[in-house]
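Here, each number is a calculation from the coordinates, and none is a lab measurement. Remember, predicted model here, so these are calculated numbers, not experimental data. Cβ: placed from backbone, ideal geometry, glycine included. Neighbour counts: every protein chain shown.
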Amino acid sequence: MRIGLTGGIATGKSTVSRLLEARGATIVDADVIARDVMNPGQPLLAAVANRFGPEFILPEGGLDRRRMAEHIFNRPEERQALNAIVHPAIRAEIRRQVEEYEAAHPEGIVVADIPLLYESGLEDLYEQIVVVYVPREIQLNRLMLRDQLSMEQAEGRLNAQLDIEDKKRRADHVIDNTGTPEETERQVDRLMESLRAR
């Protein structure tokens, strides 16, 4: 079974992903793939340097992620330009990994962890969509604390994504990560039972 896992920035999606993996799901992580395709020497990195300039490449040859994030988050046209370069390669690798795991374990549950699943129009590739949810105010506070951002910077990052309430409405399953870790775990247990029953 092919599941899409998404949520907003700082909702706790990585935590839920780890809990699902601990319960037997296979995880395909879009963030890991996105980092891998931008490793030193990768052709995509050269394309990014050509489009945005060498100042976005670190001395050791990798992408300066922090600088790029600051550059694109309040510039939609620049964000679109970056996405146009990297998203096709990321999507292709996600699909390749999902298909590989499905072929090896046809009875298993494969979870593609994709932060921008709805924004990228990928929901039709998955049988069920799981959204990790916290209200926007909590999301904003967690993001500011986690990434040491100002309110304005954090708002900019949230505004670059589809609103968390919209994602919640579109989900087949919602994991509300507002409460205690134990409450989140219980929801993940129920989710796995539901998916296995299908």
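Taking the Cα centre of the chain as reference, the dipole from Cβ charges on Lys and Arg (+1) and Asp and Glu (-1) amounts to some 100 debye. Fewest-first ordering of T184, T15, T6, T178 by other beta carbons within 10 Å of each residue's beta carbon gives T178, T15, T184, T6. The coefficient of translational diffusion for the stretch 44-108, derived via Stokes-Einstein from the alpha carbon Kirkwood radius under 10 °C and 1.306 mPa s, stands at 117 µm²/s. Summarising the strand pairing of the stretch 1-135, around 5 percent of its internal DSSP beta bridges are antiparallel.
For the stretch 1-160, the spherically averaged projection of the C-alpha convex hull amounts to 10.0 nm².
Averaging the Cα positions of each part gives two centres, and for the stretch 127-198 and the stretch 93-117 these lie 21 Å apart. Here the Kirkwood formula puts the hydrodynamic radius of the stretch 97-198 at 15.5 Å, using every distinct Cα pair.
Each Lys or Arg adds one and each Asp or Glu takes one away; over the other residues whose Cβ falls under 12 Å from the Cβ of A34, this sums to -2.
Taking other C-beta atoms within 10 angstrom as a stand-in for reagent exposure, M151, M68 fall in the order M151, M68, fewest first.
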